[in-house]
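Asker: Shown below is the structure under consideration.
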Amino acid sequence: MKTDKIYVGDSLELLKKLPDNSIDCVVTSPPYYNVRDYGVAGQIGLENHPNNYVNKIVEVMKECKRVIKETGTIFLNLGDSYFGDEIKSKDLWIKDKQKLLTHYRIAIKCQEELGLILRNDIHWIKQVVNFKTRESFGSSVPCPVKDRLGLNSEIIFFFTKNKSYYFNLDAIRMPYKESTKKRVNFHRKYTPDSPYKGQFLSMKINPLGKNPGDCIIFPLERAKERHIAMFPSIIPEFCISCGCPKNGIVLDPFMGSGTTALVAKRMNRQFIGFELNSKYASLANKRLLERDK
Ligand SMILES: C[S@@+](CC[C@H](N)C(=O)[O-])C[C@H]1O[C@@H](n2cnc3c(N)ncnc32)[C@H](O)[C@@H]1O
């Protein structure tokens, strides 16, 4: 399969055509369960039972594990959904108003059945509030629901195939707060009641900045493209920066409007994309052509 191309078809079938150990980094956002209709037969996300959806995504992840290099990384963005009345099941957890936790069910199966190593469940915060000061940061869609809290975050699961893998933390470091700089740049003796009493605590700040941590605001972006579920380009930028070496190959098996491809090219990486809906694949190719003009 050639790089820098988007292939139209089912992600699982196309993944099976990729050789073992050939991809550096997977960055993808598959359809969520029972949330959107992408208007194409064979799409993932409209299964009768959430378990069927979970198993489908796990099958895709099994192939992703096979195709990534021994040092490869996988960033899987997934949101959750609530029980919909149309599902008929005797399962106790399939009940009205239930938050289904499909994304964590998938992550657990990836650990237990595929042997993937979950390194982080990164919280993509869309809006966060300080309840004490009543301040809000970031943006969110107004929530009409009155008997629970709105959903202002999604998860980006960061998986690896092996214990050692490519990870460039320096590429995503953040500036320290001034208050932290003052606090940590000296030797401090542990207090007598500390288990480390008598020892010196040496916390030096890294000149390149701090580890960003696993709660990150990735601001939503206004897009003129006609795709109903694009992620902001800062998400693939973050994942590629730390998870894919220069000139490496990024795979997105649910390419949609081509956001991952555009970012990969901008960052001097190669890409391979799969997309079932040919209209979205054309849109992605159009965006790539406009970029090259
Ligand atoms: C959440 S969107 C991805 C959006 C993308 N990250 C972007 O920024 O445009 C999921 C995409 O998966 C596609 N899709 C659904 N089922 C698929 C399947 N079985 N194989 C390949 N693509 C599929 C949908 O058409 C949709 O474009």
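Asker: State yes or no: is residue 164 of a type in the set (Ser, Thr, Tyr), loosely packed, with under 13 Cβ neighbours inside 10 Å and outside the structural domain of residue 48 (by TED's automatic domain parsing)? It would help to see each step written out before you state the result.
Answerer: Working: of a type in the set (Ser, Thr, Tyr): yes; loosely packed, with under 13 Cβ neighbours inside 10 Å: yes; outside the structural domain of residue 48 (by TED's automatic domain parsing): no.
Judged against the criteria, residue 164 is not a match.
Asker: Out of (1) within 9 Å of the ligand (Cβ to nearest atom); (2) acidic (Asp, Glu); (3) part of a loop (DSSP other than H, G, I, E, B), what's the single condition that is false for residue 37?
Answerer: Condition not satisfied by residue 37: (1).
Asker: Looking at residue 213, is it surrounded by fewer than 11 Cβ atoms within 10 Å (Cβ to Cβ) and either modelled with pLDDT of 90 or more or assigned by TED's automatic domain parsing to the domain that holds residue 140 (or both)? Spell out the reasoning first.
Answerer: Working: surrounded by fewer than 11 Cβ atoms within 10 Å (Cβ to Cβ): yes; either modelled with pLDDT of 90 or more or assigned by TED's automatic domain parsing to the domain that holds residue 140 (or both): yes.
Here the answer is yes, as residue 213 does meet what is asked.
Asker: Separate question: For the stretch 260-293: of the residues being free of Cβ contacts under 8 Å to residues at least 40 places away in the same chain and acidic (Asp, Glu), which is farthest from residue 45 (Cα to Cα)?
Answerer: My answer is 292.
Asker: Something else: Taking the stretch 108-138, which residues are under 19 Å from residue 163 (Cα atoms) and not hydrophobic (A, V, I, L, M, F, W, C)?
Answerer: 109, 111, 112, 113, 115, 119, 120, 121
Asker: Would you call residue 241 over 22 Å from residue 158 (Cα atoms), of a type in the set (Gly, Ala, Ser) and more than 6 Å from the ligand (Cβ to nearest atom)?
Answerer: Values: over 22 Å from residue 158 (Cα atoms): no; of a type in the set (Gly, Ala, Ser): yes; more than 6 Å from the ligand (Cβ to nearest atom): yes.
When the stated conditions are applied, residue 241 does not pass them.
Asker: Would you confirm whether or not the stretch 245-259 contains a residue that is within 13 Å of the chain's Cα centre (by Cα), more than 15 Å from residue 6 (Cβ to Cβ) and in contact (Cβ under 8 Å) with a residue 60 or more places away in the chain?
Answerer: The answer is no; no qualifying residue exists.
Asker: Continuing with this model, one more query. Only one residue in 261, 223, 229 is at pLDDT 95 or above, among the small types (Gly, Ala, Ser) and near the ligand (Cβ under 10 Å from one of its atoms), so which one is that?
Answerer: None of the others qualify; the one that does is 261.
Asker: Right, here's the next one. Step by step: first the residues of the stretch 72-92, then only those that are in a loop (DSSP other than H, G, I, E, B) and hydrophobic (A, V, I, L, M, F, W, C), then the one that is modelled with the highest pLDDT. Which residue is that?
Answerer: Restricting attention to the stretch 72-92, the residues satisfying the condition of being in a loop (DSSP other than H, G, I, E, B) are 79-81, 83-92.
Subset that is hydrophobic (A, V, I, L, M, F, W, C): 83, 87, 92.
Values: 83: 82, 87: 66, 92: 89.
For the stretch 72-92, the residue satisfying everything is 92.
Here is a yes/no grid of residues against (1) closer than 17 Å to residue 271 by Cα; (2) buried (at least 19 other Cβ atoms within 10 Å of the Cβ); (3) touching a residue at least 60 places away in the same chain (Cβ under 8 Å):
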{"position": "6", "(1), (2), (3)": "yes, yes, yes"}
{"position": "15", "(1), (2), (3)": "yes, yes, yes"}
{"position": "23", "(1), (2), (3)": "yes, yes, yes"}
{"position": "42", "(1), (2), (3)": "no, no, yes"}
{"position": "60", "(1), (2), (3)": "no, yes, yes"}
{"position": "74", "(1), (2), (3)": "yes, yes, yes"}
{"position": "79", "(1), (2), (3)": "no, no, yes"}
{"position": "93", "(1), (2), (3)": "no, no, no"}
{"position": "96", "(1), (2), (3)": "no, no, no"}
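Asker: Can residue 128 be described as more than 30 Å from residue 16 (Cβ to Cβ) and exposed (fewer than 15 other Cβ atoms within 10 Å of the Cβ)? Outline the logic, then answer.
Answerer: Working: more than 30 Å from residue 16 (Cβ to Cβ): yes; exposed (fewer than 15 other Cβ atoms within 10 Å of the Cβ): no.
Answer is no for this residue.
Asker: Let me ask something else. Is it the case, given these coordinates, that residue 69 is surrounded by fewer than 20 Cβ atoms within 10 Å (Cβ to Cβ), assigned to a helix (DSSP H, G or I) and in contact (Cβ under 8 Å) with a residue 40 or more places away in the chain? Steps first, answer last, please.
Answerer: Working: surrounded by fewer than 20 Cβ atoms within 10 Å (Cβ to Cβ): yes; assigned to a helix (DSSP H, G or I): no; in contact (Cβ under 8 Å) with a residue 40 or more places away in the chain: yes.
Considered against the rule, which asks whether it is surrounded by fewer than 20 Cβ atoms within 10 Å (Cβ to Cβ), assigned to a helix (DSSP H, G or I) and in contact (Cβ under 8 Å) with a residue 40 or more places away in the chain, residue 69 comes out as no.
Asker: Would you check if residue 13 is within 11 Å of the ligand (Cβ to nearest atom), under 30 Å from residue 92 (Cβ atoms) and among the acidic types (Asp, Glu)?
Answerer: Working: within 11 Å of the ligand (Cβ to nearest atom): yes; under 30 Å from residue 92 (Cβ atoms): no; among the acidic types (Asp, Glu): yes.
No; evaluated as a whole, the condition is false for this residue.
The values are calculated or read from the model by the stated rules, or taken from the named source; none is laboratory data. Keep in mind the model is a prediction, meaning the values are calculated, not measured. FYI the Cβ positions are ideal-geometry reconstructions off the backbone, even for glycines, and counts take in every protein chain you see.
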